[in-house]
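Read the structure below first, then the notes.
The values are calculated or read from the model by the stated rules, or taken from the named source; none is laboratory data. Model, not experiment: these values are computed from the prediction. When we count neighbours, we look across all protein chains shown, and the Cβ atoms used for this are built from the backbone with ideal geometry, even at glycine. We work out accessible area using only protein heavy atoms, side chains counted, and drop any ligands, DNA or RNA first. Shrake-Rupley method; radii C 1.70, N 1.55, O 1.52, S 1.80 Å.
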Amino acid sequence: KDKLKEDSRYSGLANKIASRKGITVAAAQALIDSNDFDADGDGRSNLLEYAFGSDTLGTDEDEKDRRPKRELDRANGYFKITFIRRKTDVATDLTYTVERSTDLSTWTSSNVSLVSSADIGDGLEEVTYRSDQKFNQANSPKNQYLRIKVESN
């Protein structure tokens, strides 16, 4: 939040929100600072923007490249998800959990493994997780889904 307030666009956005919503600038700043607010109106909350290394106050040219990517590794039989996140020593206030489901109702972090991690600079890393349950075996579920749960500590 402190880094966000140093951004030159912060006060302008607070004034704009205050006038549109008929609230004080302080109330607008509280909105901008909250985890659930979508300061730039792109459909992603401030928490998710911060967690995935996006620009909370505007459109980042690299934002599309930072979206999580799913992969079906047909050769080895794995469902994978690759995403960019803040490194744990940089964002000590965040917890990332990759979860797996076969029915989109019940989610678990068991049978999910980190398979690669690469430092990409600016306190970010690109990581890949996979479901440990292969889809190409006779007793494996054919439908598997992976998601990323981000929590602020």
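Which of the residues that make up the range 1-28 are farther than 12 Å from residue 57 by Cα and surrounded by 16 or more Cβ atoms within 10 Å (Cβ to Cβ)?
17, 18, 28, listed by residue number.
List pairs: first in the range 100-127 and free of Cβ contacts under 8 Å to residues at least 12 places away in the same chain, second in a strand (DSSP E or B), Cβ under 7 Å, 6+ apart or cross-chain?
Once the first residue is free of Cβ contacts under 8 Å to residues at least 12 places away in the same chain and sits in the range 100-127, its partners that are in a strand (DSSP E or B) give 108/99; 108/100; 117/125; 117/127; 118/125; 118/126.
I want to confirm something. Restricting to the range 69-80 and keeping residues that are of a type in the set (Lys, Arg) and either part of a strand (DSSP E or B) or without any contact (Cβ under 8 Å) to a residue 60 or more places away in the chain (or both), which single residue is farthest from residue 137 (Cα to Cα)?
Among residues in the range 69-80 that are of a type in the set (Lys, Arg) and either part of a strand (DSSP E or B) or without any contact (Cβ under 8 Å) to a residue 60 or more places away in the chain (or both), the one farthest from residue 137 (Cα to Cα) is 69.
Identify the residue in the range 65-80 that is open to solvent by 40 Å² or more (accessible area, probe 1.4 Å) and more than 12 Å from the chain's Cα centre (by Cα) and, among all such residues, is nearest to residue 54 (Cα to Cα).
Across the range 65-80, the extreme among qualifying residues is 65.
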